[in-house]
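Novice: My questions will all concern the structure given below.
What follows is calculated from the coordinates using simple rules that are stated; it is not laboratory data. What you see is a predicted model; the values in this text were computed from it and never measured. Positions of Cβ are backbone-derived with ideal geometry, glycine not excepted, and every protein chain shown enters the neighbour counts.
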Amino acid sequence: MSLLIKILSWLLTLTLLGLGALVVLVFLDSRPLVPEDRTLSAAEQAWAREWLVAAKPQGLRDGERITLTLSEREANIIGNYLIDRVGQGRVDVRLTADGARVAASLGLPWDPDQRFMNLDLNLAGGERLPRIAQARLAGLPLPENLVQTIAERLVNALDQARLLHHVDLQPDLALLTYEWHRDALANLGSGLVSAEERARILTYQHVLVRYAAAHPKPPTIALADLLSVVLSAAQGASQSDPVAENRVALLALAAYTNQQHIRDPDQPDARSARIRFRPVALLGRRDLAQHFMTSAALAAQGGSALSDLVGLYKEVADSRGGSGFSFADLAADRAGTRFANLATGQRQDAQAVQAAAREGLTADDLMPAIDRLPEGMNAAAFAAAFQDTKSPAYRGAVAAIERDIDALRLFQRATR
């Protein structure tokens, strides 16, 4: 998994803290809000790739300020290029003198009814950063207090990270000014969690860092060992709700596994403090550990439907030019989701997972064998073997993975 995927996956996990409960409902429409009748030309795709490469902060000095300028047409090309990288759907951006309207339709790749998640946002300009004036999901107006809470948390996080300095919306033009700092992404992630949750996450981050420092060999640390350590610490917090404690412990470990430093903005030295991350592995592979923990964090925050969506979208994107569709990665996604559902579901299951962690978890408790699972399949190879994600062959392969997860010792103990 590339550094970009790691960063985006973790930032997505944190951003969905406020949206998680809503997304579990998965409001879907039978028709897309934005018609899928326009395909980017080869020239437009090449321009979008070049623009995104040029917009990367590589080589920038700490504190350097950059302004990105996009016309309405260019904003639409960039938006649709990014959607094409992860699945099916379209975005439509309209820029006006006093704001912008952003409409997006995202199709679910496994949905046999071919429904769409439609999002419609009206942004009001005139301030340093735009505010969300109205938001609709599947045509339904979202509660104003929910929208404002999410928006305020995001704006506060951007301020704390000192990342996005100013957004100027004009007719047919958007100017985005950002100020690059080496710790900007980590500080942004820290700002997206509540102060109470951040305090608990910092506690577990310290537990993980201390354990890693005390066990310098081998170079990689087994994910099962870190889960045992962090969930044993959660069990030690006897005054707390085990479900809530497990949830923040999983968030802390997901951040550590993806090498994302959660910082305390209230401490003056937090920006300069550094964590020496150790690579984390599951079945000897770092990518499987990252898949497992990112899916676990998503499931703990937004439910299994959201975790499944993100995991499958990544594999579909990989089959279109990345590392290829991997059923091993998908198994890690599903195993992480199932683990989080168990650890953050019923109180007695949360306590049972803590007890198992105290005894010591192993990879065999977390993940089924992957030696016979196909990997590295490009779009053509996947289509030849499985047709699509709605076919009986694909559903059968996923069902077999689920049965293997059911047979794991940890889940067998939970069903007794």
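Novice: Subtract the Cα-Cα distance of residue 203 and residue 61 from 0.36 nm times their separation in residues, and report this length gain in nm to one decimal. Could you put the intermediate results ahead of the total?
Specialist: On the way: separation 142, 0.36 × 142 = 51.12 nm, distance 3.20 nm.
Difference between extended and current length: 47.9 nm.
Novice: Skipping prolines and chain starts, which residues have an amide H placed within reach, meaning under 5 Å, of the one on residue 165, given they are 5 or more residues away or on another chain?
Specialist: Close amide H contacts, sequence-distant or interchain: 177, 178, 179.
Novice: Let me ask you something else. Can you bin region 332-416 into rounded, prolate or oblate? Criterion: square roots of the alpha carbon gyration tensor eigenvalues sorted a ≥ b ≥ c, rounded for a/c under 1.5, prolate for a/b above b/c, oblate for the rest. Mind showing how you got there, number by number?
Specialist: Numbers: a/c = 3.02, a/b = 2.38, b/c = 1.27.
Cα axes put region 332-416 in the prolate bin.
Novice: What is the extension gain from residue 98 to residue 400, computed as 0.36 nm multiplied by their sequence separation minus the C-alpha to C-alpha distance, in nm to one decimal? Walk me through the numbers before you get to the answer.
Specialist: On the way: separation 302, 0.36 × 302 = 108.72 nm, distance 5.33 nm.
Gain in length upon complete extension: 103.4 nm.
Novice: Quick one: 177, 344, fewest Cβ neighbours within 10 Å first, how do they rank? Before the final figure, lay out each step's value.
Specialist: Numbers: 177 15, 344 23.
Final ranking by Cβ density, sparse to dense: 177, 344.
Novice: Could I ask something else about it? As a footprinting exposure proxy, order 287, 241 by other Cβ within 10 Å, with the fewest listed first.
Specialist: On the way: 287 18, 241 11.
Exposure proxy ranking, most exposed first: 241, 287.
Novice: Same structure, new question: Please rank 395, 90, fewest neighbouring Cβ atoms within 10 Å first, as an exposure proxy.
Specialist: Fewest-to-most ranking of 395, 90: 395, 90.
Novice: Under 5 Å between amide H atoms, partner at least 5 residues away or on a different chain: which partners does residue 88 have, H built in plane at 1.01 Å?
Specialist: Those qualifying (amide H under 5 Å, at least 5 residues apart or on another chain) are 107.
Novice: Which distance in nm do the two modelled labels at residue 411 and residue 346 give, with both placed 7 Å along the Cα-to-Cβ direction?
Specialist: Distance between label points: 1.6 nm.
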